[in-house]
Each structure stands twice: as C-alpha cells, then as structure tokens.
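Data first, discussion second: the structure below is written as structure tokens.
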Amino acid sequence: MNITDRKDLPWPWTSTDVLLLQATDTFGNAREIAREVMRRMKPGVSLVSGPITTGGRGSREENTRVFRESINRLQLAGVNVFNQVPAESEDTMGRLADAWMKRNRGYSYPMGILWDFYSGLIADRHVEGMIFIPGWYESTGSRWEHEHCVRLNKKIVYLNDDWAKSFVVAA
C-alpha cells in the first residue's frame, strides 16, 4: 500500500508532507521536509535508531515493523519521539538510496542518507538525542548515527536487549 493511501499517518505528518517526500530528488530536500514536520512538535525531540536495511531481523519489512512498534511504544510512554518512518519509505529513501548508489559507485552503503539526511536532523536544535533499539550496533546507519550523537554531545539512550522481544510484531 502506498503510504499516502493511509489515513493513519503518524502525527505530525500529513499526506502533503509524504507527497513532497515522494517528489523530492535529494536526501537534503527530504531532510528539510522532515525537519519542518519535526518542528511541529515541542522541543526536546528524540529520534529512534535501529536496523532498517542492514542487521536486525534480516529484512527491511521486519526491521521497519520493529522500528515502528518501538516508536509507538515510546510515544505511548510519553516520550517526545519523532516518527521518521514516513521518510524511510521505499518511495522516498529507497528511491533516493538507489539513485545515490548509481552516482557513487564504490560505496557498499548509501552514505548520502546519513551525510545529507540524518546528520542535519540529529544536529537540529529541536533534537535532544537518540534512542537506540536493540540490535542497533548491527546496522551501518545506526553505528554512524551513534558516532554523530557522540560528536554532537547529544543525549543517548539504549533500550535493553529484551525490548524488541517484549512484543509480537503483527503483519
């Protein structure tokens, strides 16, 4: 299902935001769209980091489900978490990553997603820090995000290893 068909986009995302993401041609433009969405939230936002394309449960689909459920649980617990899942869709990040890899042969990972998208979000004044879900250290992107948080002196929280085992991820 195309994400714009969903009536349950996570707040503060709108279908217009998602359409803008789907139309963008750079990670930097996608970052600016996500940044504008994030700034609709109160300051002191946390971002979640964990495996999506590398590591974790071995597939993008399963990793995204764990990622989404982790964000939902944290929000239900009252944590001010930005849900970046709409930006992580195949329609946006998958497409941009494929294009980046074609332009930048010699890389085994689309580093543009980190350099041009996540670096700016993490550094944003609205972001307090990051929450790392179990298995984050298996992910190329999460390890980079962790190092970036350390460089920027952002708050880092690690969820315990039983976190993802505490719920069944429904299809």
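GNM on the chain, alpha-carbon springs under 10 angstrom: the most fluctuating residue among T140, T14, T64 is T14.
Accessible surface area normalised per residue over the range 75-171 is 52 Å², counting heavy atoms of protein chains with a 1.4 Å rolling probe.
If you average over every viewing direction, what projected area does the convex hull of the Cα atoms of the chain give, in nm²? Its average projected convex-hull area is 9.5 nm². The distance from the alpha carbon centre of the range 68-83 to that of the range 11-41 is 19 Å, rounded to a whole number. Grab the other residues whose beta carbon is less than 14 angstrom from that of C149, score K and R as +1, D and E as -1, and report the net. Neighbour charge sum, excluding C149 itself: 0.
Solvent-accessible area of the chain (1.4 angstrom probe, protein heavy atoms only): carbon and sulfur portion equals 51 percent.
The values are calculated or read from the model by the stated rules, or taken from the named source; none is laboratory data. Keep in mind it's a predicted model, so treat the numbers as computed, not measured. Using ideal geometry, Cβ is built from the backbone for each residue, glycine included, and neighbour counts are taken over all protein chains shown. Surface areas here come from the heavy atoms of the whole protein model, side chains and all, with no ligands, DNA or RNA. Shrake-Rupley method; radii C 1.70, N 1.55, O 1.52, S 1.80 Å.
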